[in-house]
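The values are calculated or read from the model by the stated rules, or taken from the named source; none is laboratory data. All values derive from a computational prediction rather than experimental measurement. Note that we place each Cβ from the backbone using ideal geometry, even for glycine, and neighbour counts take in every protein chain shown.
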Amino acid sequence: MRRINIAIDGFSSCGKSTLAKQLAHHLGYTYIDSGAMYRAVALFAMEQGLVQGGQLDKEGLLRALDGIDIAFKYDDDAQRSATWLNGRNVEYEIRSLEVSQRVTLVSPLPEVRAKLVRLQRALGQGGGVVMDGRDIGTVVFPRAEVKLYMTARPEVRAERRFLELLGNGADVTFAQVLDNIRQRDADDTSRKADPLTKAADAIEIDNSDLSAEEQFQLALGHVARAIGVGAEV
């Protein structure tokens, strides 16, 4: 069966990762969370003291950029892929609200984006990859055979993220999460370097009122048509 690349773009907390993982598992593909890579860079900057008072030491980060190594390894305990930063599993740390609030300090930087795009494209050579993010179908894999653009109402996305953070033991309020969602939407769509936009040939899926299974079946149908097989792919 032909192995293709699947690009999934969309707003924060709109189910991109859930869908990408489902498709990768079902198809036997490799799942790559591009957003985790930007979160890892943000965590690095925070741990190195390059973020002070909500401001990023841009020059300091750029000097350290070559020394940042990001990889994905399967976590046997969690039964899923985990993000590693310079030889350390940081999957839990990068999901904190603190990192979420600071990731947009590093994600607009052209130098950071160029480095991570190179890594992402290398991971997708040969096909068989499902990657989610903000610019996968427009920048990383502009020739991906399937491009999906995910969206949902801000309040719905905030509720999902809020429950996820509570489940991880975070001390946050719904209002804080909703504010963060709205700020990230504004940052993602207005940045100069590779802003979040819908690719001309992307299929839009609004999952505000869809279950994860309904969303998966809808996306799987599009993948099956791209591969040229029946829906039982």
Inset, instruction - Determine which single condition Tyr38 fails, assuming it passes every other condition in (1) touching a Lys or Arg at 6+ places or on another chain (Cβ under 8 Å); (2) among the hydroxyl-bearing types (Ser, Thr, Tyr); (3) surrounded by 18 or more Cβ atoms within 10 Å (Cβ to Cβ). - result: (1)
Inset, instruction - Considering only the stretch 116-125, state which residues are at pLDDT below 90, in a helix (DSSP H, G or I) and more than 20 Å from Leu19 (Cα to Cα). - result: Leu119, Ala122
Inset, instruction - For residues that are in contact (Cβ under 8 Å) with a residue 40 or more places away in the chain, exposed (fewer than 15 other Cβ atoms within 10 Å of the Cβ) and touching a helix residue (DSSP H, G or I) at 6+ places or on another chain (Cβ under 9 Å), tally how many sit in the stretch 204-214. - result: 2
Inset, instruction - Please go through the stretch 141-183 and pick out each residue that is among the aliphatic types (A, V, I, L, M) and farther than 23 Å from Val99 by Cα. - result: Ala144, Val146, Leu148
Inset, instruction - Could you check, for the stretch 180-189, whether at least one of its residues is basic (Lys, Arg) and over 18 Å from the mean Cα position of the chain (by Cα)? - result: no
Inset, instruction - Go over the candidates Met150, Met131 one by one and state the one that is hydrophobic (A, V, I, L, M, F, W, C), under 14 Å from the mean Cα position of the chain (by Cα) and modelled with pLDDT of 95 or more. - result: Met150
Legend entry - Lone unmet requirement of (1) surrounded by fewer than 21 Cβ atoms within 10 Å (Cβ to Cβ); (2) within 30 Å of Glu155 (Cβ to Cβ); (3) touching an Asp or Glu at 6+ places or on another chain (Cβ under 9 Å) for Gly54: (3)
Inset, instruction - Would you please list the contacts, defined by Cβ atoms under 7 Å and residues six or more apart or on different chains, that run from a residue in the stretch 30-46 that is within 11 Å of Thr83 (Cβ to Cβ) to a residue that is in a helix (DSSP H, G or I) and among the small types (Gly, Ala, Ser)? - result: Asp33/Ser17
Inset, instruction - Scan the stretch 144-167 residue by residue and report those that are without any contact (Cβ under 8 Å) to a residue 24 or more places away in the chain and of a type outside the set (Asp, Glu). - result: Phe162, Leu163, Leu166, Gly167
Inset, instruction - From the list Ala158, Ala193, Ala202, pick out the single residue that is within 21 Å of Ser107 (Cβ to Cβ), out of contact with any strand residue (DSSP E or B) (no Cβ under 6 Å at 6 or more places or on another chain), of a type outside the set (Ser, Thr, Tyr) and modelled with pLDDT of 95 or more. - result: Ala158
